[in-house]
1. How many residues, within segment 67-89, are under 15 Å from residue 102 (Cα atoms) and β-branched (Val, Ile, Thr)?
2. Can you confirm whether residue 127 is surrounded by 16 or more Cβ atoms within 10 Å (Cβ to Cβ), acidic (Asp, Glu), at pLDDT below 85 and out of contact with any helix residue (DSSP H, G or I) (no Cβ under 6 Å at 6 or more places or on another chain)?
3. Go through 20, 46, 64, 55 for me and flag whichever is touching a strand residue (DSSP E or B) at 6+ places or on another chain (Cβ under 8 Å), among the hydroxyl-bearing types (Ser, Thr, Tyr) and farther than 18 Å from residue 101 by Cα.
4. Looking at 35, 110 in this structure, which one is of a type in the set (D, E, K, R), in contact with a Leu (Cβ under 8 Å, 6 or more places away or on another chain) and in contact (Cβ under 8 Å) with a residue 24 or more places away in the chain?
5. Conditions: (1) closer than 12 Å to residue 88 by Cα; (2) assigned to a loop (DSSP other than H, G, I, E, B). Residue 54 meets all but one. Number of the miss?
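The values are calculated or read from the model by the stated rules, or taken from the named source; none is laboratory data. Since the structure is predicted, the reported quantities are computational estimates derived from the model, not experimental observations. As a convention, Cβ positions derive from the backbone with ideal geometry for all residues, glycine included, and neighbour counts pool all protein chains shown.
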Amino acid sequence: MAQVVERLNQTFWERFAVETTHLQALPTYRDPDYEVLTVNVTTYSTLNMRCITYTVPTRLKGETLTMPLYHDRLLGFGGSVQVVALARLHVPGNHAIRRARRINYRHVMESLRRKPQAFLSCLWQQDSFPSDNYRQ
């Protein structure tokens, strides 16, 4: 068994030796895997990032947030303190409309509780329900 494995590895070691001459050292510093954006929170406690509307807690109305944009999440910083973390939403490139919404009903319930009739004419009424069971 060991001889068979050694014979197979010999082929790979020969190929590896050829490629080793072309390898370069890794960079000293790693490139960041995020993009930093600065966004303003609207009076409706929403923010728009890359044509997608996200809701944030109402206490952040009117604030300017620094947001590292990762592949799977958004982190919102007010100064050096993280104030919000959101799951990122992606819209496929083949959609005719490149807009979407990520509405967290916990973020808007406080405002809607003060104005109960506002929910009837709310543009994101269907998006604010947590699951399909609530939509029915």
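1. Residues flagged as under 15 Å from residue 102 (Cα atoms) and β-branched (Val, Ile, Thr) within segment 67-89 amount to 1.
2. Yes.
3. 64
4. Answer to the selection: 35.
5. (2)
Here's the yes/no breakdown for (1) among the polar types (S, T, N, Q); (2) modelled with pLDDT of 85 or more; (3) outside any loop (DSSP other than H, G, I, E, B):
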site	(1), (2), (3)
33	no, yes, no
37	no, yes, yes
65	no, yes, yes
68	no, yes, yes
75	no, yes, yes
82	yes, yes, yes
85	no, yes, yes
93	no, no, no
97	no, no, no
